[in-house]
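Written below as structure tokens is the structure these notes are about.
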Amino acid sequence: MSTSLGWGILGAGGIAGAFAQDLATGGHRAAAVGSRNGERARAFAAKHGIPAAHEGYEALVADPSVDIIYVATPHSHHLEHALAAIEAGKHLLIEKAFTTTGDDAQRLVDAARAKGVFVMEAMWTRFLPTMVAARERVAAGDLGEVVSVVADHSQMLDLSPGSRLIEPSLGGGALLDLGVYCVSLAHAFLGPVARIRAAGVVDDAGVDHRGAAILEHARGGISSLTFSMETLGSNRATIAGTEGVIELDPSFYAWTAYARRHASDRDAVAEAFAPQLEGRGMQFQAAEVERCITAGQLESPTMPLDETVAIMRVMDEVTAQMRAAR
């Protein structure tokens, strides 16, 4: 992988650290990191071998050695930080959830298109070899017509007082952190959503702790999705068609294995996919960003911006229905 493009990491938390490690694994060049806390930025840079550490995000987006900004702050701050980077003419990879609302997502997309910079949602799952192989099987017709997606993303997370996950001003909630993977998977294999039915458990601050949604897709498919940040679930997913099914092992959203079975012989495995693990797998989305920029593309055909906005609007409606049912 070419190292001509320099990455700037905006934020120095856990997900930023995982991304920095995978940048190195994939042979990408991290040029700088920025944090509100200068000491934290310097410690992050030293740990990951990054040449420059900035106190404040303004200095990071102004750094001429940085071509691409990876936004790794809480969802609630993505719009603000991304707009600053766009104004500085930087390309962007923005952690999912892209923003906290569909309207904010559209505003960000409009700003990027007006400025002529590349932007992509960091839905790293789409670029993993597991999902690439699954899409190839679907494109080859091995599943027939895909009609169903079932997915669960449930973890026991830190919900103690002060946790970002239960703070509404920081975009807390199970849907934006965990359920987004389920919605994105369903959208990827079944297309746009026509109708939504959702329910969930929402606290007094309006933060969802767990929920479920049934999505009716415009092409006729149906997806059934569950998500929770206070229980451990199966974390499995299935992509089912008229002629076969792909069963993704836990955790379905990670660099995992799958079994493909024919509808006519449910007990036999037609294909067993087992990836060769190297890193967490976030390097593949970085490679896609660099590929697109080098090719002069302003968005990825695998994770297009209009689809990101559509997914955010689906989550808007799921959230509204969960809150209305309280």
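Close contacts from region 166-180, counting a first residue that is over 10 Å from D208 (Cα atoms) and a second that is among the aliphatic types (A, V, I, L, M) and assigned to a helix (DSSP H, G or I), with Cβ to Cβ under 7 Å and a gap of 6+ residues or different chains, come to D177/L165; V180/M315.
Among the listed residues A114, A134, A218, A199, which satisfies the condition of being of a type in the set (A, V, I, L, M), modelled with pLDDT of 95 or more and either within 28 Å of F284 (Cβ to Cβ) or under 20 Å from the mean Cα position of the chain (by Cα) (or both)? Steps first, answer last, please.
Working: A114 fails: either within 28 Å of F284 (Cβ to Cβ) or under 20 Å from the mean Cα position of the chain (by Cα) (or both); A218 fails: either within 28 Å of F284 (Cβ to Cβ) or under 20 Å from the mean Cα position of the chain (by Cα) (or both); A199 fails: either within 28 Å of F284 (Cβ to Cβ) or under 20 Å from the mean Cα position of the chain (by Cα) (or both).
Checking each option against the conditions leaves just A134.
Pairing residues of region 283-301 that are within 15 Å of D67 (Cβ to Cβ) with residues that are acidic (D, E) and assigned to a loop (DSSP other than H, G, I, E, B), at Cβ distances under 8 Å and at least 6 apart in sequence or on separate chains, gives C292/E299; I293/D67. Residues that are aliphatic (A, V, I, L, M) and over 14 Å from the mean Cα position of the chain (by Cα) within region 290-309 comprise I293, A295, L298, listed in sequence order.
Give the residue that is farthest from L60 (Cα to Cα), with candidates limited to residues of region 1-12 that are surrounded by fewer than 15 Cβ atoms within 10 Å (Cβ to Cβ) and of a type in the set (G, A, S).
Filtering region 1-12 for residues that are surrounded by fewer than 15 Cβ atoms within 10 Å (Cβ to Cβ) and of a type in the set (G, A, S), the one farthest from L60 (Cα to Cα) comes out as S2.
Check whether at least one residue in region 50-66 is out of contact with any helix residue (DSSP H, G or I) (no Cβ under 8 Å at 6 or more places or on another chain) and under 29 Å from L277 (Cβ atoms), and report yes or no. No, there is no match, as no residue in region 50-66 is out of contact with any helix residue (DSSP H, G or I) (no Cβ under 8 Å at 6 or more places or on another chain) and under 29 Å from L277 (Cβ atoms). All but one of (1) touching a helix residue (DSSP H, G or I) at 6+ places or on another chain (Cβ under 8 Å); (2) farther than 18 Å from L165 by Cα hold for A72; state the number of the condition that does not hold. The single condition A72 does not satisfy is (2). The single condition among (1) part of a helix (DSSP H, G or I); (2) open to solvent by less than 20 Å² (accessible area, probe 1.4 Å); (3) not charged (D, E, K, R) that S300 does not satisfy is (1).
Conditions (1) closer than 30 Å to I166 by Cβ; (2) modelled with pLDDT under 95; (3) of a type in the set (S, T, Y), marked per residue:
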site: L232; (1), (2), (3): yes, no, no
site: R236; (1), (2), (3): yes, no, no
site: E243; (1), (2), (3): no, no, no
site: L248; (1), (2), (3): yes, no, no
site: Y258; (1), (2), (3): no, no, yes
site: S264; (1), (2), (3): no, yes, yes
site: D267; (1), (2), (3): no, yes, no
site: A272; (1), (2), (3): no, no, no
site: Q276; (1), (2), (3): no, yes, no
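Do you know which of the residues in region 143-155 that are of a type outside the set (S, T, N, Q) and over 16 Å from the mean Cα position of the chain (by Cα) is surrounded by the fewest Cβ atoms within 10 Å (Cβ to Cβ)?
The extreme case among them is E145.
In region 270-289, of all residues being among the charged types (D, E, K, R) and not in a loop (DSSP other than H, G, I, E, B), the one that is farthest from the chain's Cα centre (by Cα) corresponds to E271. Against the condition touching a strand residue (DSSP E or B) at 6+ places or on another chain (Cβ under 6 Å), open to solvent by less than 20 Å² (accessible area, probe 1.4 Å) and within 20 Å of P74 (Cβ to Cβ), how does G179 come out, does it pass? Against the criterion (touching a strand residue (DSSP E or B) at 6+ places or on another chain (Cβ under 6 Å), open to solvent by less than 20 Å² (accessible area, probe 1.4 Å) and within 20 Å of P74 (Cβ to Cβ)), G179 qualifies.
Number of residues in region 190-208 that are open to solvent by 20 Å² or more (accessible area, probe 1.4 Å), closer than 30 Å to T302 by Cα and not small (G, A, S): the value is 5. Report yes if S264 is surrounded by fewer than 20 Cβ atoms within 10 Å (Cβ to Cβ), among the polar types (S, T, N, Q), part of a loop (DSSP other than H, G, I, E, B) and touching a Ser or Thr at 6+ places or on another chain (Cβ under 8 Å), otherwise no. Against the criterion (surrounded by fewer than 20 Cβ atoms within 10 Å (Cβ to Cβ), among the polar types (S, T, N, Q), part of a loop (DSSP other than H, G, I, E, B) and touching a Ser or Thr at 6+ places or on another chain (Cβ under 8 Å)), S264 does not qualify.
Per this entry, E278 is counted among residues that are open to solvent by 70 Å² or more (accessible area, probe 1.4 Å), of a type outside the set (S, T, Y) and in contact (Cβ under 8 Å) with a residue 12 or more places away in the chain. When region 220-233 is limited to residues that are under 16 Å from V180 (Cα atoms) and outside any strand (DSSP E or B), the one that is most open to solvent (accessible area, probe 1.4 Å) turns out to be G233.
The values are calculated or read from the model by the stated rules, or taken from the named source; none is laboratory data. Keep in mind the model is a prediction, meaning the values are calculated, not measured. Methodologically, a virtual Cβ is constructed for each residue, glycine included, from the backbone with ideal geometry; neighbour enumeration extends over all protein chains shown. Keep in mind that these areas ignore ligands, DNA and RNA; they rest on the heavy atoms of the full protein, side chains included. Shrake-Rupley method; radii C 1.70, N 1.55, O 1.52, S 1.80 Å.
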